[in-house]
Amino acid sequence: MSGKIKQLENILCPVVEGLGFDFWGVEYRTRGRQSLLRVYIDDAENGISVDDCETVSRQISGVMDVEDPIKTEYTLEVSSPGMDRPLFRPEHYQAFVGHQVNIRLRMAFEGRRKFQGLLKGMEDGDVVVIVDNHEYLLPFDSIERAHIIPVFK
């Protein structure tokens, strides 16, 4: 996890949880002069509405103006994790054992960066995933992005 992401989590998590929501995670991407700050919130009992996102967005905007951790212009988005929810922390991987996942690594591992398969959980700091009947232990710290593949029945 980058230092900037950790800094943003430390600022944003208390804000989200103070409003009664679960802080799921944060993405921060920069592309030239364009930056995007996406904050994921969740509520396992009630789900997330557009009004919830608006409430959290307003509160985060105020805190970000005061704390000023991003010195350039950025777009703030507040969203639910959705059905294809991103996975940020080891506990997310444990909670979704048995689900299909897409994982992208920062650098190639065994000649590839993308893995799509069955999530088996965590083992000694590695994410365990089955791809084409082969078990991979992917170092958690090398994961760039991961998300659940939704199943529609």
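Data table
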item: Cross-chain or 6+ apart pairs with Cβ under 7 Å, the range 82-94 first and of a type in the set (D, E, K, R) and at pLDDT below 95, then open to solvent by 80 Å² or more (accessible area, probe 1.4 Å) and in a loop (DSSP other than H, G, I, E, B); result: none
item: Pick from the range 10-50, criterion over 16 Å from residue 77 (Cβ atoms) and charged (D, E, K, R), ranking: modelled with the lowest pLDDT; result: 33
item: Criterion: more than 17 Å from the chain's Cα centre (by Cα) and not hydroxyl-bearing (Ser, Thr, Tyr) - qualifying residue of 68, 42; result: 68
item: Matching option when the condition is over 24 Å from residue 105 (Cβ atoms), surrounded by fewer than 19 Cβ atoms within 10 Å (Cβ to Cβ) and either acidic (Asp, Glu) or touching a strand residue (DSSP E or B) at 6+ places or on another chain (Cβ under 9 Å) (or both), among 84, 43; result: 43
item: Looking only at the range 91-144, and only at residues there that are among the charged types (D, E, K, R) and within 26 Å of residue 22 (Cβ to Cβ), the one that is nearest to the chain's Cα centre (by Cα); result: 144
item: Any pair with Cβ under 7 angstrom, 6 or more apart, that starts in the range 41-64 at a residue that is farther than 13 Å from residue 24 by Cβ and ends at one that is assigned to a helix (DSSP H, G or I); result: 59/15; 60/12; 60/15; 63/11; 63/15
item: Search result, residues across the range 116-153 that are outside any loop (DSSP other than H, G, I, E, B), open to solvent by 30 Å² or more (accessible area, probe 1.4 Å) and without any contact (Cβ under 8 Å) to a residue 12 or more places away in the chain; result: 134
item: Lone qualifier among 78, 101, 97 - being in contact with a Cys (Cβ under 7 Å, 6 or more places away or on another chain) and either charged (D, E, K, R) or surrounded by 12 or more Cβ atoms within 10 Å (Cβ to Cβ) (or both); result: 78
item: Odd one out for residue 56, checked against (1) under 21 Å from residue 148 (Cβ atoms); (2) open to solvent by less than 60 Å² (accessible area, probe 1.4 Å); result: (1)
item: Hits in the range 25-40 - residues which are open to solvent by 30 Å² or more (accessible area, probe 1.4 Å) and either without any contact (Cβ under 8 Å) to a residue 40 or more places away in the chain or of a type outside the set (D, E, K, R) (or both); result: 28, 29, 30, 31, 32, 34, 36
item: Some residue of the range 102-124 being among the acidic types (Asp, Glu) and under 23 Å from residue 40 (Cβ atoms); result: no
item: Count of residues meeting criterion [of a type in the set (Asp, Glu) and farther than 20 Å from residue 39 by Cα] in the range 76-116; result: 1
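The values are calculated or read from the model by the stated rules, or taken from the named source; none is laboratory data. What you see is a predicted model, and the numbers here were worked out from it, not measured in a lab. Don't worry about glycine lacking a Cβ; one is built from the backbone with ideal geometry, like all the others, and counts go over all protein chains shown. With ligands, DNA and RNA removed, areas are computed over all heavy atoms of the protein, side chains included. Shrake-Rupley method; radii C 1.70, N 1.55, O 1.52, S 1.80 Å.
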